[in-house]
Amino acid sequence: QQLVARLTTITEDERQRVSRELHDDTSQLLAALTAGLRTLRDRPQMDPTTAARLEALQAVTDQVGRSVHRIAWELRPAALEAVGLE
């Protein structure tokens, strides 16, 4: 029983670490990418083809951000739900 409890604790700790890294580090990098894409897209005299490509890249970046957020949410420690915290 002690081994199972210890393995559960280790698993929860690792899930929390991965979730935090995804949320904090990866999301921060995606935010920087989004800002850079917007800066490029909003440049004066941007040709329409390049602007459209930047918009498409922005959409992909947004989708990746949503996926990272979903995965981080799914990795949150199950113990939080057990005590009523979501």
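The values are calculated or read from the model by the stated rules, or taken from the named source; none is laboratory data. Note that this is a predicted model, so its numbers are computed, not measured. With ideal geometry, Cβ positions are generated from the backbone for all residues, glycine too; neighbour counts draw on all protein chains shown. The protein model used for the area step is the full one, side chains on, heavy atoms only, and it has no ligands, DNA or RNA in it. Shrake-Rupley method; radii C 1.70, N 1.55, O 1.52, S 1.80 Å.
Quick check on the chain: helices-only [θ] at 222 nm, where DSSP H runs of length 4 and up contribute -39,500 (n - 2.57) each and the sum goes over total residues. Nearest 500, please.
It comes out at -26500 deg cm²/dmol, rounded to the nearest 500.
What's the extension gain from residue 14 to residue 49 if we count 0.36 nm per residue and subtract their Cα-Cα distance?
Result: 8.2 nm gained on full extension.
In percent, what relative contact order does the chain have, based on Cα pairs under 8 Å that are 6 or more apart in sequence?
47
Taking the chain as a Gaussian network, Cα atoms linked when under 10 Å apart, which of 45, 58, 28 shows the biggest mean-square fluctuation?
45
With each label point set 7 Å from Cα along the Cα-Cβ vector, what nm distance links residue 2 and residue 59?
5.8
Residue by residue, what Karplus-based ³J(HN,Hα) values in Hz, rounded to whole numbers, does region 26-31 have, using 6.51, -1.76 and 1.60 with θ = phi - 60° and x for Gly and Pro?
For region 26-31, the Karplus curve yields 5, 5, 5, 5, 5, 5 Hz.
Can you give me the three principal axis dimensions of the chain from its C-alpha atoms, in Å, biggest first?
Sorted from largest, the Cα extents of the chain read 67, 20, 15 Å.
Just the number, please: carbon plus sulfur as a percent of the accessible area of the chain, 1.4 Å probe, no ligands or DNA/RNA counted.
58
Could you go through region 11-24 in sequence order and give the Karplus-derived ³J(HN,Hα) for each residue, using 6.51 cos²θ - 1.76 cosθ + 1.60 with θ = phi - 60°, rounded to whole Hz, and x for Gly and Pro?
Once rounded to whole Hz, the list reads 4, 5, 4, 5, 4, 5, 5, 5, 4, 5, 5, 4, 5, 7.
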